[in-house]
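Worksheet: the structure to be examined is printed underneath.
No lab work stands behind these numbers, since they all come straight from the coordinates. Since this is a predicted model, take the numbers as computed values, not measurements.
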């Protein structure tokens, strides 16, 4: 499970202080954006999982290690992957970097418990376990399969 999913975010003015530095709390929000986009990339949304299966992902732990600041108007890439899928929990791993100078700004993790609508811990539905665990093959840059382009 080492496939990263990338999500682009731009640091907004409201996310910064008077010096234009992004506030530390925004990194968890950017992690959430990356996590939601990761799930959509795997073929489902949080909302779908809640409505179809009654399964909610509750954040039980979060960790962020800050390495370098982000600034107003920076374009950032949130890299997200699944670190661990267990019967009733899963862990996401994140990196936030700035491509303009190839700087790693932060790294972190979130641990999620699977619960029902009454907040009782339950088993992760098998269909989502499979979608979260499977390796996604890298996208090929070819428009046609090798040796099959039109003449």
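Here the contact order of the range 78-131, divided by its residue count and restricted to Cα pairs under 8 Å and six or more residues apart, works out to 29 percent. Determine the shape class of the chain: with a ≥ b ≥ c the square roots of the Cα gyration tensor eigenvalues, call it rounded for a/c under 1.5, and otherwise prolate if a/b is greater than b/c, oblate otherwise. Taking the square roots of the gyration eigenvalues as a ≥ b ≥ c, the chain is oblate. If you take the Cα centroid of the range 71-135 and the Cα centroid of the range 1-63, the two points sit 8 Å apart.
Which of the three applies to the range 81-123, rounded, prolate or oblate, going by the alpha-carbon gyration tensor with a ≥ b ≥ c and a/c under 1.5 meaning rounded? It comes out prolate by the Cα gyration axes.
Our summary gives the chain a relative contact order of 27 percent, counting only alpha carbon pairs under 8 angstrom and 6 or more residues apart.
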